[in-house]
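Asks: Provided herewith is a single structure, encoded as structure tokens, for subsequent inquiry.
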Amino acid sequence: MKRDALLSTLLGLACLTAWEAAVRVGHTSPLVLPAPSVVAHTLWQGLNNGYLGPHILHTLTEVVLGLLLGASMGFIGGVVLGESARWRGVLMPYVVISQVVPKLALAPLFIVWFGFGTLPTVVMTALICFFPLLENTVTCMQQVDPNQLALFRMLRASRWQTLWRLKLPAGLAHIMAGLRVVVVLAWVGAVVGEFIGASRGLGALIIAAQGSMDTPLMFAVLTVITVLGLAFYKLCEWLERRLLGTSFELSTRTSS
């Protein structure tokens, strides 16, 4: 694992070096493609003088709120639909319809309904995060080992015991895979939501930089989004390892 991480880091450094060399040799204007050194200088200035801080905090708040809301709804909805075939047949078509409609097309409506500010972006982020986790949860709950399910029935386990001690632990890997997707999509939803009608946040800052033709600032903001998104993804991987370890211990105790 350490060797893979080292190789990945070296590959990234090689790409940045090639980018820097290509810009300098080709005398490319920073207006078109700034060199990594220019982007790093712009990023440092924005962090040092406090210009980027409020925008980062604003977008981070929207991501966390939208992620918590969307992931909670997706997980609870997935459990309910996975447990009830009737509700799954009735509600699943409407869930799919809600996801087919482009969220960007709904953004103006969200502004009309919820006004300007944080709430429309949080709602859009939650809607984007909702479906992947719901779909993964429903799918994993329908793929429980029939032999284990029959064993729980023979032991006269209640529906809640079967759900808590068999279905959720068995499907935890799939649920966490959906959560990893959701963590990435949360940043997409928040930034895209800020493109329309937001005056603060990293997405609004990208639009402002585009309007002033400040390409280095655009790349600096994209760098911040990339770093924070990767940090969220790595945090999700760490949580997955912890939960899967706990789930394995729980299943071992149950089988013994």
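The values are calculated or read from the model by the stated rules, or taken from the named source; none is laboratory data. What you see is a predicted model; the values in this text were computed from it and never measured. Using ideal geometry, Cβ is built from the backbone for each residue, glycine included, and neighbour counts are taken over all protein chains shown.
Asks: May I ask you to list pairs of residues, at least six apart or on different chains, whose Cβ atoms are under 6 Å apart, with the first in the stretch 197-226 being within 28 Å of V112 (Cα to Cα) and in contact (Cβ under 8 Å) with a residue 40 or more places away in the chain and the second being of a type in the set (D, E, K, R) and surrounded by 15 or more Cβ atoms within 10 Å (Cβ to Cβ)?
Replies: Between residues of the stretch 197-226 that are within 28 Å of V112 (Cα to Cα) and in contact (Cβ under 8 Å) with a residue 40 or more places away in the chain and residues that are of a type in the set (D, E, K, R) and surrounded by 15 or more Cβ atoms within 10 Å (Cβ to Cβ), the close pairs are G201/E194; G203/E194; A204/E194.
Asks: Among the residues in the stretch 110-128, are any at pLDDT below 80, surrounded by 15 or more Cβ atoms within 10 Å (Cβ to Cβ) and more than 20 Å from G203 (Cβ to Cβ)?
Replies: no
Asks: While we're here: Consider S158 against the criteria (1) within 28 Å of L244 (Cβ to Cβ); (2) in contact with a helix residue (DSSP H, G or I) (Cβ under 9 Å, 6 or more places away or on another chain); (3) not aliphatic (A, V, I, L, M): it satisfies all of them except one. Which criterion is unmet?
Replies: S158 satisfies every listed condition except (2).
Asks: While we're here: Would you mind listing the helices (runs of 4 or more DSSP H) fully within the stretch 145-241 where at least 3 residues are at pLDDT 85 or above and more than 18 Å from the chain's Cα centre (by Cα)? Spell out the reasoning first.
Replies: Working: elements: 146-154, 159-162, 172-195, 202-211.
Because the criterion is at least 3 residues that are at pLDDT 85 or above and more than 18 Å from the chain's Cα centre (by Cα), the helices (runs of 4 or more DSSP H) in the stretch 145-241 that meet it are 202-211.
Asks: Would you say E62 is of a type in the set (D, E) and modelled with pLDDT of 90 or more? Talk me through it step by step, then tell me what you get.
Replies: Values: of a type in the set (D, E): yes; modelled with pLDDT of 90 or more: yes.
Here the answer is yes, as E62 does meet what is asked.
Asks: Go through the residues of the stretch 153-160 one by one and say whether even a single one is surrounded by 20 or more Cβ atoms within 10 Å (Cβ to Cβ) and aliphatic (A, V, I, L, M). Full working, then the answer.
Replies: So the first thing to find is which residues in the stretch 153-160 are surrounded by 20 or more Cβ atoms within 10 Å (Cβ to Cβ), and the list is none.
No, there is no match, as no residue in the stretch 153-160 is surrounded by 20 or more Cβ atoms within 10 Å (Cβ to Cβ) and aliphatic (A, V, I, L, M).
Asks: For residues that are part of a loop (DSSP other than H, G, I, E, B) and loosely packed, with under 10 Cβ neighbours inside 10 Å, scanning just the stretch 1-43, find the one that is modelled with the lowest pLDDT.
Replies: Our first condition is that a residue be part of a loop (DSSP other than H, G, I, E, B); within the stretch 1-43, this holds for 1, 27-35.
Narrowing further to those that are loosely packed, with under 10 Cβ neighbours inside 10 Å: 1, 27, 32.
On the way: M1: 63, H27: 80, V32: 78.
Restricting to residues being part of a loop (DSSP other than H, G, I, E, B) and loosely packed, with under 10 Cβ neighbours inside 10 Å, the top hit is M1.
Asks: Limited to the stretch 99-109, what total is found for residues that are surrounded by 13 or more Cβ atoms within 10 Å (Cβ to Cβ) and closer than 23 Å to I76 by Cβ?
Replies: 3
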